[in-house]
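A quick write-up on the structure given underneath.
The values are calculated or read from the model by the stated rules, or taken from the named source; none is laboratory data. Everything numeric here is computed off the predicted structure, so don't read it as measured data. Cβ atoms come from the backbone with ideal geometry, glycine included; neighbour counts cover every protein chain shown. For accessibility, only protein heavy atoms count, side chains too; no ligands or nucleic acids. Shrake-Rupley method; radii C 1.70, N 1.55, O 1.52, S 1.80 Å.
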Amino acid sequence: RARQDRATGYCVFESGMDETVKARRALETDLRRALALREFALVYQPQFDLQTRRVTGFEALLRWNSPTRGTVSPLDFIPLAEETGIINPIGEWVLRTACRDAANWPADITVAVNISAVQFAHRTLATTVLSALSDSDLDPRRLELEITESVMLDARGTALGVLQRLRGTGIRVSLDDFGTGYSSLGYLRSFPFDKIKIDQSFVRGTAEDPGNRAIVRAIASLGQNLGMATVAEGVETAEHLERVAADGCTHVQGYLISRPISPEQVDGFLAAKSAEETECRDDPFQVA
Ligand code: C2E
Ligand code: MG
Ligand code: MG
Ligand code: MG
């Protein structure tokens, strides 16, 4: 809380501001320690192919289990981690852990890792990604990097160069949260993305606002014409799923398929899904 002093015109910081600064510093201190104290964990949310009706892979989502703060949402600590650069060591841990976990999954199951724009500004990103792959022995084609449009704002194009180099090794690249932020259709032409992830606000908002549905349809059709898969994010109900399927999306992700699960639950989840599938195939009453 800053108050402008009437006499001098200068801003005077009141104790409220002091508290905010203190809270941020405390968060930063805890965040710096969290990696060494092994307070981070990954959970995995499945992505589902609407055509084959199969799970194709999982997105790794970061969780911070702080003994003092409880479970902190990435939305609450990633911005500070980005501002302070702590995202670089955290991001490396995420990459290495996700690749190691995925190396134990069936060979046709992929893992998607969120990479922040800040990580692209760090010289070592490409080396880190490649070493995470070789150390875990994971086939590069099973790793997907999820980036947002903010990565494309880098004027010198360094990020594009790094992405191109990584994609050349077989790594897939997805454009996350498409339709929000600095959306520009031009970004879709500046890089051969493998997947467009349609932001959940358009997917879940469809019932109230027909404009959202028009946007989902337009993105799905763009994706089809550009040869990119389109994932509807935030699919929570059967109604959402039917709608985005009718609108031409190729994949879905959301609570309807599954909430994010722990690494220990992945094998069981895949086994249950394939049992379900076999049951459907053997069921003469099941409409194909
Ligand atoms: P995101 O990459 O767009 O991930 C999807 C978010 O939507 C996840 O939130 C997921 O739990 C949530 N979600 C999935 N399905 C549904 C649904 O049906 N309904 C609702 N209401 N939500 C759903 P989460 O895990 O809280 O992550 C939030 C954001 O934090 C992510 O958005 C991503 O931008 C960022 N993030 C998460 N993990 C990492 C990471 O390892 N590195 C970086 N740089 N960012 C991360
Ligand atoms: Mg993502
Ligand atoms: Mg997203
Ligand atoms: Mg998001």
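Residue 186 satisfies every condition listed in (1) within 15 Å of ligand 1 (Cβ to nearest atom); (2) open to solvent by 20 Å² or more (accessible area, probe 1.4 Å) except (1). Criterion applied to 126, 112 was being away from ligand 2 (no atom under 15 Å from the Cβ) and open to solvent by less than 10 Å² (accessible area, probe 1.4 Å), and the one residue passing it is 126.
Inside region 164-179, residues that are touching a residue at least 40 places away in the same chain (Cβ under 8 Å) and of a type in the set (Gly, Ala, Ser) make up a count of 2.
Quick check: is even one residue across region 170-190 among the basic types (Lys, Arg) and more than 14 Å from ligand 2 (Cβ to nearest atom)? Checked against the condition, which is being among the basic types (Lys, Arg) and more than 14 Å from ligand 2 (Cβ to nearest atom), region 170-190 yields at least one hit.
Can you go through 223, 211, 179 and tell me which one is within 28 Å of residue 79 (Cβ to Cβ) and either away from ligand 3 (no atom under 16 Å from the Cβ) or open to solvent by less than 60 Å² (accessible area, probe 1.4 Å) (or both)?
Answer to the check: 179.
Filter region 206-234 down to the residues that are within 18 Å of residue 251 (Cα to Cα) and of a type in the set (Gly, Ala, Ser) and list them by number. Steps first, answer last, please.
From region 206-234, those within 18 Å of residue 251 (Cα to Cα) are 206, 212-234; that's our starting set.
Hits for region 206-234 are 214, 218, 220, 221, 223, 227, 229, 232, 234.
Scanning region 63-97 for residues that are open to solvent by 30 Å² or more (accessible area, probe 1.4 Å), part of a strand (DSSP E or B) and either of a type in the set (Ser, Thr, Tyr) or in contact with a helix residue (DSSP H, G or I) (Cβ under 7 Å, 6 or more places away or on another chain) (or both) turns up just one, 71. Looking across region 217-237, just one residue is in a helix (DSSP H, G or I) and within 16 Å of ligand 4 (Cβ to nearest atom), and that is 219.
Of all residues in region 183-212, those that are of a type in the set (D, E, K, R) and modelled with pLDDT under 85 total 2.
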